[in-house]
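Step one of this worksheet: look at the structure below.
The values are calculated or read from the model by the stated rules, or taken from the named source; none is laboratory data. Since the model is a prediction, treat every value here as computed from it, not as a measurement. Note that each Cβ is placed from the backbone with ideal geometry, even for glycine, and that neighbours are counted across all protein chains shown. We work out accessible area using only protein heavy atoms, side chains counted, and drop any ligands, DNA or RNA first. Shrake-Rupley method; radii C 1.70, N 1.55, O 1.52, S 1.80 Å.
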Amino acid sequence: MNSRELLNRKLAGEKVERLLFCPAVYEHKARLINSSPSIIAQDVDRLAEALAAEYETYRPDVLTVGVDIYNVEAQSLGAEVVFSDSMDEVPNLRQRILEKPDFSKLPKVNEALEKGRIRMFVEAARRVSKMFGSEVHVRGGLSGPYSIAASLMGIEPLIMASFTDPESLADLLDHCSGLAFEFGRLYIEAGCGVCLFDSQAVPPLLSPDMFRKMILPHVKKLFRDYKASGADLIEYVTGGDTTAISGELFETGADIILSDFSSDMRVFIKKSQRYNTLIRRNISPISIEAGIDAADEEIRAVKTAASENNNIIAGTGVLSCNVSPDNIIKTRKILLDEE
């Protein structure tokens, strides 16, 4: 039974014969083809090659199309991305382009879809889905509305705007939601699921009450619309200690939510009992980079949790280019009891 079939059975609440392993391989995949994050983030051929190398090297149970995920929508809306020649440096935004939450200064959604690298990532997803989609779920990485707004304004001005100009901020988030939906729809049309990244929208940056009132309605609507458009897999990725909003994460309607390594897995498991939702429990990428001995306790904890709770799958935090591929392979082998 291949990864796609195993995950489908898991989503249906059935028990499967092994733990599923879903590492966070974004910029790291460049290392697998002796390239740099900036090169694969701009070249569709190299990106598709790196994704193929990721699948062949690590055999992940999901395959995510993305490199510098939080930059892509901001670039399409007018921000400049700096691409480095370094073999381990991730592309970064040069500067914020909005001082206030004024979406009227931004391109319209249909215009933004044709700018920057959105179409390139969708084309890479289409190619990889044709190659591996019958074996493994391929999903496109994109940013949540609040995280797009944070890339445009910066997190501190964005938080201030929630108090000083909530109406304009609501309009900006509506605009960002429109782009997130259309970008996701392109991935769905390419035969992929979607993986929405929203780590700017979580504690301690926002209070649980702010998340519930300002973020949750947008995300729930997006996920309903993705499902109506044919998405067969949706994951919501919110890194950090999200224990305080774990209940809200289950309310989003995602098929998979993240319990990052700094969050309390026990709370997530308890809150999950009312939902048919999988929990991807992360192992710290710092531990994996340091070596298997450093990661052993976390690996064993995930294995134990998965043996006792059918909705747990194993993941990692974002793996940098400096992580040895051998360490990731060894992590998989221990998790899956492979020789």
- Exactly one condition in (1) buried (at least 16 other Cβ atoms within 10 Å of the Cβ); (2) of a type in the set (S, T, N, Q); (3) free of Cβ contacts under 8 Å to residues at least 60 places away in the same chain is not met by Thr304; state its number. (1)
- Can you name the residue in the range 279-301 that is open to solvent by 10 Å² or more (accessible area, probe 1.4 Å) and of a type in the set (Lys, Arg) and is also farthest from Val16 (Cα to Cα) among such residues? Arg300
- Message: Quick test for you: out of Met210, Met214, pick the one residue that is under 13 Å from Gly144 (Cβ atoms) and surrounded by fewer than 22 Cβ atoms within 10 Å (Cβ to Cβ).
- Response: Met214
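Residues are listed down the side, and each one gets a yes or a no for (1) among the polar types (S, T, N, Q); (2) out of contact with any strand residue (DSSP E or B) (no Cβ under 6 Å at 6 or more places or on another chain):
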{"position": "Glu14", "(1), (2)": "no, yes"}
{"position": "Glu17", "(1), (2)": "no, yes"}
{"position": "Cys22", "(1), (2)": "no, no"}
{"position": "Gln42", "(1), (2)": "yes, yes"}
{"position": "Glu99", "(1), (2)": "no, yes"}
{"position": "Lys105", "(1), (2)": "no, yes"}
- Task: Return yes when Glu73 is modelled with pLDDT of 95 or more, within 19 Å of Gly154 (Cβ to Cβ), open to solvent by less than 40 Å² (accessible area, probe 1.4 Å) and not β-branched (Val, Ile, Thr) and no when it is not.
- Result: yes
- Query: Residue check, Met131 against (1) part of a helix (DSSP H, G or I); (2) buried (at least 19 other Cβ atoms within 10 Å of the Cβ), all met but one. Which one?
  - Reply: (2)
- Message: Can you find a residue that is in a strand (DSSP E or B), touching a Pro at 6+ places or on another chain (Cβ under 6 Å) and closer than 16 Å to Phe21 by Cβ anywhere in the range 309-317?
- Response: yes
- Tabulated pairs, the range 101-123, first closer than 20 Å to Pro91 by Cα and of a type outside the set (Phe, Trp, Tyr), second assigned to a loop (DSSP other than H, G, I, E, B) and open to solvent by less than 60 Å² (accessible area, probe 1.4 Å), C-beta under 6 angstrom, 6+ apart or interchain: Ala112/Leu77; Val122/Ala190
- Query: Restricting the search to the range 238-251, which residues are open to solvent by 10 Å² or more (accessible area, probe 1.4 Å) and at negative phi?
  - Reply: Gly239, Asp241, Thr243, Ala244, Gly247, Glu248, Glu251
- Item | Any pair with Cβ under 7 angstrom, 6 or more apart, that starts in the range 221-249 at a residue that is within 17 Å of Leu179 (Cβ to Cβ) and ends at one that is buried (at least 18 other Cβ atoms within 10 Å of the Cβ) and of a type in the set (Lys, Arg) | Ser229/Arg185
- Task: For Asp102, state whether it is more than 20 Å from the chain's Cα centre (by Cα) and either charged (D, E, K, R) or open to solvent by less than 10 Å² (accessible area, probe 1.4 Å) (or both).
- Result: yes
- Query: Among strands (runs of 3 or more DSSP E) lying entirely in the range 173-281, which contain 1 or more residues that are within 19 Å of Tyr70 (Cα to Cα) and touching a Cys at 6+ places or on another chain (Cβ under 7 Å)?
  - Reply: 234-237
- Message: For Leu142, only one of the following conditions fails: (1) farther than 27 Å from Ile159 by Cβ; (2) in contact (Cβ under 8 Å) with a residue 40 or more places away in the chain. What is its number?
- Response: (1)
- Take the residues of the range 224-237 that are out of contact with any Lys or Arg (no Cβ under 8 Å at 6 or more places or on another chain), under 20 Å from Ser129 (Cβ atoms) and among the charged types (D, E, K, R): which is surrounded by the fewest Cβ atoms within 10 Å (Cβ to Cβ)? Lys227
- Hey, among the residues in the range 198-207 that are among the hydrophobic types (A, V, I, L, M, F, W, C) and open to solvent by less than 10 Å² (accessible area, probe 1.4 Å), which one's nearest to Val109 (Cα to Cα)? Ala201
